[in-house]
């Protein structure tokens, strides 16, 4: 279409150095998978994921500065600053359904980014996939490295599978690897585990992946992620150590394909929770899944009228409430007018 005989220029893709591949270079898939790497690593560890996971998902590895092709850029050592930067850089690419996979440090960054976006009312992931990382309320494994000498840190890196012992004959290379690792560990150490007044549960499932022989984060520790998500997050154990994504890629890919393919069915299988709507019309009880329509009514299940324009729904998670904000919208269903509420980036109908 032209205006005044002049054809408008095509819209240019939004570029960001934080994506290791251009979004237009990956499949035009219904789901995007953003992958965040481990401490001391880089986006290249995900280079085979697109081929392995196939065209139903667009794999977009996230490249942090100070490594690989961004080696000359300064690295982040403050988690708050990194999360703000990631939100601004990635937000233009998060407008369609997406999932976050984070490995070790990357899982912590992915969780912090999701918390930041939830507080800002931005679109959230369909799910978070966390690999080889302590849950956010537990100090990260990096806490044990604060006072380590170079020699001890190199040994720690070897034991974790980060480098091979054969590389010790190249001291310049080892020094460079330790430099990146120290900054990334400082980044992790800048995270402060949330207290009782923390952000509460995020409104999506968190699936976990643990290495069967991981010397740093065992499968038992990964179970703690359940308190940070909504719904039945699935726990997986993968053959290999802390970097099982390198040790057993085919096994991991099989698990990822299953999780990604069944995410919609799993979201509908959320356990039923009770929601309380309070307003001048009185209290109503809503039961259902956050990813499904709700049925509103009294405790005996009878439908009640919800017509208070100031009504706010609250989802109780222990002592934490998530607020569901009413909108001016309504829908007609079976002769009834139903109110529409918004929570995070999703829309819900109280019926």
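The values are calculated or read from the model by the stated rules, or taken from the named source; none is laboratory data. Everything numeric in this text was worked out from a predicted model, so none of it was measured. Neighbour counts run over all protein chains shown; Cβ positions are idealised from the backbone, glycine included.
Below is a table of values for the structure above.
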quantity: Count of residues meeting criterion [surrounded by 15 or more Cβ atoms within 10 Å (Cβ to Cβ), in contact (Cβ under 8 Å) with a residue 60 or more places away in the chain and within 18 Å of residue 133 (Cβ to Cβ)] in the stretch 184-215; calculated: 19
quantity: Matching residues in the stretch 157-176 - criterion: being buried (at least 19 other Cβ atoms within 10 Å of the Cβ) and part of a helix (DSSP H, G or I); calculated: 157
quantity: Within the stretch 227-238, tally of residues that are surrounded by 17 or more Cβ atoms within 10 Å (Cβ to Cβ) and either farther than 25 Å from residue 161 by Cα or not assigned by TED's automatic domain parsing to the domain that holds residue 138 (or both); calculated: 6
quantity: Scan of the stretch 183-201 for residues that are assigned to a loop (DSSP other than H, G, I, E, B) and either at pLDDT below 95 or out of contact with any helix residue (DSSP H, G or I) (no Cβ under 6 Å at 6 or more places or on another chain) (or both), ordered by number; calculated: 192, 193, 194, 195, 196, 197, 198, 199, 200, 201
